[in-house]
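Structure, as structure tokens:
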């Protein structure tokens with residue numbers, strides 16, 4: 001099983017460029033999450049999707065949009081990248097609340 | 001605000017020692033907690049979980065203790081090894097999975 005797959009693994013953007021981070025899970029999980037991780041800040045929740053067709057804001061949603069394309073895929077879009085969005089981004093999924101979540105390997109994004 | 005928080009950002013131990021990593025939570029209604037381990041360059045991985053109807057749960061070399069009276073949980077790692085060096089997070093999976101900031105465990109030989 002591949003689990004949670006994120007693409008790309010690394011990306012460099014110029015300020016103002018847009019891009020979409022892709023995430024797919026093959027575990028038939030209902031819930032999916034996007035986090036960003038900055039030094040000393042732990043994992044901060046950007047957006048989550050409790051089920052196919054629903055999305056909700058997390059702690060730090062500004063500057064991001066998400067799409068739950070189907071049950072497998074949950075994408076994160078930066079419409080106009082800013083240097084403050086330089087971070088490592090993690091996608092996660094879980095079958096339902098109060099269960100273990102599984103994480104992807106992360107996308108390291110640098111905005112110059 | 002943050003619903004789970006770790007007490008110390010870093011912990012350094014000698015190989016073979018026991019390690020204790022602490023975490024406090026604020027919501028007395030919280031009923032499930034998970035500990036994750038994150039190695040450098042990787043995503044977090046599940047270590048052990050505990051539900052509020054338990055005070056203690058043991059895994060392989062790891063034990064989680066839950067004190068609901070003071071809203072505190074701890075992760076104990078027995079006979080710490082260099083491979084245990086990582087960042088450890090406690091997490092509370094309610095509506096969404098919320099993490100504390102993490103404790104970096106460094107194990108020296």
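All of the numbers you see were taken from the coordinates with simple rules; none came from a lab. Computed from a predicted structure; not experimentally measured. For neighbour counting, all protein chains shown are included, and Cβ atoms are generated from backbone atoms with ideal geometry for every residue, glycine included.
Modelling each spin label as a point 7 Å along the Cα-to-Cβ direction, I'd like the residue B:29/residue B:10 distance in nm, to one decimal.
Inter-label distance under the simple model: 3.9 nm.
Find the relative contact order for chain A and round it to a whole percent, using C-alpha pairs within less than 8 Å whose residues are 6+ positions apart.
Here the relative contact order equals 36 percent.
Which of these, A:54, A:15, A:99, has the largest mean-square fluctuation under a Gaussian network model of chain A (Cα springs below 10 Å)?
Per the Cα network of chain A with a 10 Å cutoff, A:99 tops the list.
Within segment B:22-40, what residues put their amide N at less than 20 Å from the label point 7 Å along the Cα-to-Cβ vector of residue B:68?
B:23-35
The protein assembly as shown: D in µm²/s via Stokes-Einstein (Kirkwood Rh, Cα pairs, 25 °C, 0.890 mPa s)?
Value of D from the Cα-based Kirkwood radius: 137 µm²/s.
Can you compute the modelled spin-label distance between residue A:110 and residue B:61, with each label point 7 Å from Cα toward Cβ, in nm?
The answer from the label model is 3.4 nm.
For peptide A:97-109, compute the average count of partner chain beta-carbon atoms within 10 Å of each residue's beta-carbon.
Values: counts 6, 12, 6, 10, 10, 4, 8, 2, 3, 5, 0, 1, 0.
Across the residues of A:97-109, the mean count of other-chain Cβ atoms within 10 Å is 5.
At what distance in nm do the modelled label points of residue A:12 and residue A:57 sit from each other, each positioned 7 Å from its Cα along Cα→Cβ?
Spacing of the two 7 Å Cα→Cβ label points: 3.3 nm.
For chain B, calculate the relative contact order in percent as a whole number, restricting contacts to Cα pairs under 8 Å that are 6 or more residues apart.
Computed value for chain B: 38 percent relative contact order.
Could you work out, residue by residue across B:39-45, how many beta carbons of other chains sit within 10 Å of that residue's beta carbon, and then give the average as an integer?
Counting Cβ atoms of other protein chains within 10 Å of each residue's Cβ and averaging gives 5.
What Kirkwood Rh does chain A have if only Cα atoms enter the pairwise 1/r average? Answer in Å.
Here the Kirkwood hydrodynamic radius works out to 13.8 Å.
Assuming a ≥ b ≥ c are the square roots of the Cα gyration tensor eigenvalues, decide whether segment A:15-74 counts as rounded (a/c under 1.5), prolate (otherwise, with a/b larger than b/c) or oblate.
Judged from the Cα gyration tensor, segment A:15-74 comes out prolate (a/c at least 1.5, a/b above b/c).
Take every Cα-Cα pair in chain B and report what % of them are more than 25 Å apart. All intermediate terms of the calculation are to be shown ahead of the outcome.
Working: 856 of 5886 pairs.
Distances greater than 25 Å cover 15 percent of the Cα pairs.
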